[in-house]
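The values are calculated or read from the model by the stated rules, or taken from the named source; none is laboratory data. In this text the structure is predicted, and so the values were computed from the model without any measurement. Don't worry about glycine lacking a Cβ; one is built from the backbone with ideal geometry, like all the others, and counts go over all protein chains shown.
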Amino acid sequence: MSSGSEKFRFQEIMEEFMREREWEDALVIDEEKKEVALNTGVSIGEYDGGRLIIEADEELEWFSVFFYLPFSCKQTKRTEMCLLLNDINLRGNNFGCFQLLDDNRIRWVLRSDFEGSSPTSKSVHQMVGVGWNRTKIFIEVISSVALTKQTAVLALEEFDAEEEEKKDSEGPSEL
């Protein structure tokens, strides 16, 4: 790797992923650990200051995708936030989950093991897409619990009512 010409397989996949999106962020490459990472800013809905981190481990053959929300949970709201995130994580998606970290940051994470397979930039795109969609769907309800006096139960009731209203306004779906 020290020659500068040989690249890690996962590095090439990450570079292709970035080229396809016309992103100009720099990858962080740790040749000793055989890891590649992208750390870039994202706006999620009306919130600026979020982070998208994609890490690839060449030896373990893992990709990890993290969306860090652009706000932290108040210390006094940790219990409510855990209740909320547990409920959200059980809703309609078995890929990835939201986590409340010890320092009160909130993130969504998905790790995929590609051992013995041939991941592509599309694989990374699909992982990022799941996180992006989940984060976009739930950022408002998460922020209402993290930053205000709103409880998890009431925030979810309001969220569910809004979702039901959206479905009603769209009318019946065609088969």
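Could you list all residues from region 61-80 that are in a strand (DSSP E or B) and either free of Cβ contacts under 8 Å to residues at least 12 places away in the same chain or closer than 17 Å to L147 by Cβ (or both)? Correct list: Y68, L69, P70, F71, S72.
Working carefully through the options F63, F138, F71, find the one that is in contact with a Pro (Cβ under 9 Å, 6 or more places away or on another chain), among the hydrophobic types (A, V, I, L, M, F, W, C), within 30 Å of M18 (Cβ to Cβ) and crowded, with 17+ Cβ neighbours inside 10 Å. Before the answer, list the steps.
Numbers: F138 fails: in contact with a Pro (Cβ under 9 Å, 6 or more places away or on another chain); F71 fails: in contact with a Pro (Cβ under 9 Å, 6 or more places away or on another chain).
Checking each option against the conditions leaves just F63.
Please enumerate the residues belonging to region 81-104 that are among the charged types (D, E, K, R) and either part of a loop (DSSP other than H, G, I, E, B) or exposed (fewer than 15 other Cβ atoms within 10 Å of the Cβ) (or both). Don't jump to the end; show me each part of the working.
Initially, region 81-104 is screened for residues among the charged types (D, E, K, R), giving 87, 91, 102-103.
Once the filter is applied, which keeps residues that are among the charged types (D, E, K, R) and either part of a loop (DSSP other than H, G, I, E, B) or exposed (fewer than 15 other Cβ atoms within 10 Å of the Cβ) (or both), region 81-104 yields R91, D102, D103.
Every condition in (1) in contact with an Asp or Glu (Cβ under 8 Å, 6 or more places away or on another chain); (2) modelled with pLDDT under 95 is met by F95 except one, and the failing one is (1).
Determine which member of the set I53, I44 is among the aliphatic types (A, V, I, L, M), surrounded by 13 or more Cβ atoms within 10 Å (Cβ to Cβ) and at pLDDT below 95.
On the way: I53 fails: at pLDDT below 95.
I44 is the lone residue from the list that is among the aliphatic types (A, V, I, L, M), surrounded by 13 or more Cβ atoms within 10 Å (Cβ to Cβ) and at pLDDT below 95.
Scan region 1-60 residue by residue and report those that are in contact (Cβ under 8 Å) with a residue 12 or more places away in the chain, assigned to a loop (DSSP other than H, G, I, E, B) and within 28 Å of I137 (Cβ to Cβ). W23, D25, G45, listed by residue number.
Look at region 115-143: where a residue is farther than 29 Å from E157 by Cα and basic (K, R) and a partner is surrounded by 14 or more Cβ atoms within 10 Å (Cβ to Cβ) and at pLDDT 95 or above, sitting 6+ places away or on another chain with Cβ atoms under 9 Å, you get K122/F17. Quick check on region 110-133. Is at least one of its residues buried (at least 20 other Cβ atoms within 10 Å of the Cβ), in contact with a Phe, Trp or Tyr (Cβ under 7 Å, 6 or more places away or on another chain) and more than 19 Å from M18 (Cα to Cα)? No, region 110-133 contains no residue that is buried (at least 20 other Cβ atoms within 10 Å of the Cβ), in contact with a Phe, Trp or Tyr (Cβ under 7 Å, 6 or more places away or on another chain) and more than 19 Å from M18 (Cα to Cα).
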